[in-house]
1. In the chain, which helices (entire DSSP H runs) extend 20 Å or more along their own long axis, judged by Cα positions, while averaging at least -1.0 on the Kyte-Doolittle scale?
2. What is the sum of charges, Lys and Arg at +1 and Asp and Glu at -1, for the other residues whose Cβ falls under 13 Å from the Cβ of G156?
3. Write down the accessible area per residue of the chain in Å², having rolled a 1.4 Å probe over the full set of protein chains.
4. Might you work out the accessible area of M390 for me, using a 1.4 Å probe with all protein chains in place, and round it to the nearest 10 Å²?
5. So, counting K/R as plus one and D/E as minus one, what does the shell of residues with Cβ under 14 Å around N193 add up to?
6. Taking the alpha-carbon distance from K27 and a cut-off under 30 Å, which lysines remain once sequence neighbours fewer than 8 residues away in the same chain are dropped?
7. Limiting things to C-alpha atoms, what are the Rg and the maximum Cα-Cα separation (Dmax) for the range 1-93, in angstroms?
8. Filter the trypsin sites (Lys or Arg not before Pro) in the range 35-96 down to the DSSP loop ones having no more than 13 other Cβ atoms within 10 Å, then list what survives.
Amino acid sequence: MFDDTIAAIATPLGEGGLAVIRVSGAKAFEMADRCFRSSSGKENLPSEAKSHTLHHGHIVRGEVVVDEVLLAVMRAPRTYTCENTIEISCHGGLLPAKAVLDTMLAAGARMALPGEFTRRAFLNGRLDLAQAEAVADLIHARTELSLRAAEEQLAGKLSQRINQLRDDLIKTLAHIEAHIDFPDEDITPDTRNVLVERLQSGVTFMDMLLRTANEGQLLRRGIRAAIIGRPNAGKSSLLNQLLGRDRAIVSPIAGTTRDTIEETANIRGVPVVFIDTAGLREAGDEIEVEGIRRSRETLARAELILHVLDASEPLTDEDENFLQEFGGKKRIVVRNKIDLVGKGEPFTPETRVPSVDISCTTGLGIEALKDAIKGLVWAGQINAEMLEVMINSRHQDALNRARAATVRSIDAIRSDLSLELVALDLHIAVNAVGEVIGKTTTEDLLDSIFSQFCIGK
Ligand SMILES: Nc1nc2c(ncn2[C@@H]2O[C@H](COP(=O)(O)OP(=O)(O)OP(=O)(O)O)[C@@H](O)[C@H]2O)c(=O)[nH]1
Ligand SMILES: [Mg+2]
């Protein structure tokens, strides 16, 4: 248990029915004894209470009553942090919660840093690093699928596989080191083959994990999709359709949208951030110039482009230019206002990129557009098995390094290089794989991971 005891408000800041203040560390019970008056009498001290019990009473500061609360006593090690933990449910609202927190700080607790409770859970061995990261994924999950992937990772599905991989590498490494220690025992060609085979299957396994990286990224941070096109094509109407509510102003006046508008929608399980932009054209005034500059900036950062055309009008040179300009990105041509195109009227299909016909007025084609978006960003089926492992970019980086080192060690064995060299590369591989679950870490790495958490988690 850490010597200093930390405290923080664990619920979102703002008005609500309840707020929870969490206190964790060696002195948590001692502090609670000083600040809590049980409604069942003075002699009822939290430090003497049974583990996992709930007590009604008041938080007091000297003789002053701060708030009426329910106080939970949880003894180490069966707690989130593996330390003695107190959770105080007080009245919701910033002021009561802050007053209770201040009372605990005055009693000697230290304000917790972002993610510090989870960091302690990791350092005390309750969670490994991949599981700790899953806690943040869970909190930030924006769709059902992201949530399920985070839950699988928190349950240790990824960690099990990483541990298995690491154990296999360590076994092979031990075998090789035994030969280094007894150089008289020659390593036979048969042994060599066995070693290569084992390492090869390790590489195959890493490749399998690495293939989940794109989907993992998608589910975690979603994809940015810019809605672009000429003024009045119906970009803002499309944003509203995709969100299912009237978010952006729609009007027949060309140049309605000046600023970029960002909103997240759940498209078939994938979180997509749609960005409505100012129509691209020769700008009329200073504000529009800035709007169009922002549109271009958005475009540069977007991973998917929805290029909206007005199907009731012929393609202009400008449309053609845009079609050429963004050739490098994933995109969908969205032919809007299909309701205005008369039956049998000739209509030039756009064959260079996938295209979908829609009408924002009638809602026609919107579901087909959602399918097209999902199909472009997520190849294949999303099945339960896939959700079990979805590595993030940190895991991807570590596994790439592990893979490269393992491949080098295979080459070294095959070309009969010294076993010391082989062992050196395998050490690098074992360490890199260990980084995923936090067997090998640095303070800097932990700082960068846990600083992305909220305070109180
Ligand atoms: N008939 C018909 N009209 C549409 C459709 N979609 C949009 N409109 C109309 O087209 C006009 C322009 O729509 P907006 O969504 O504001 O177009 P925009 O591309 O955002 O325009 P700017 O922000 O000015 O660049 C509005 O009058 C809409 O009602 C459609 O599918 N059919
Ligand atoms: Mg608009």
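The values are calculated or read from the model by the stated rules, or taken from the named source; none is laboratory data. None of these values were measured; they are calculated from a predicted model. FYI the Cβ positions are ideal-geometry reconstructions off the backbone, even for glycines, and counts take in every protein chain you see. SASA here: full protein model, heavy atoms, side chains in, ligands and nucleic acids out. Shrake-Rupley method; radii C 1.70, N 1.55, O 1.52, S 1.80 Å.
1. In the chain, the long hydrophobic H runs are 157-181, 189-210, 286-301, 393-414, 419-437.
2. Net charge in that neighbourhood comes out at -2.
3. Value for the chain: 48 Å² per residue.
4. It works out to around 10 Å².
5. Its environment carries a net charge of 0.
6. By straight Cα distance, K27 reaches K42, K50, K98, K439, K457.
7. In order Rg, Dmax, the Cα atoms of the range 1-93 give 12.6, 35 Å.
8. Those that pass, being in a loop and sparsely packed, are K42, K50, R78.
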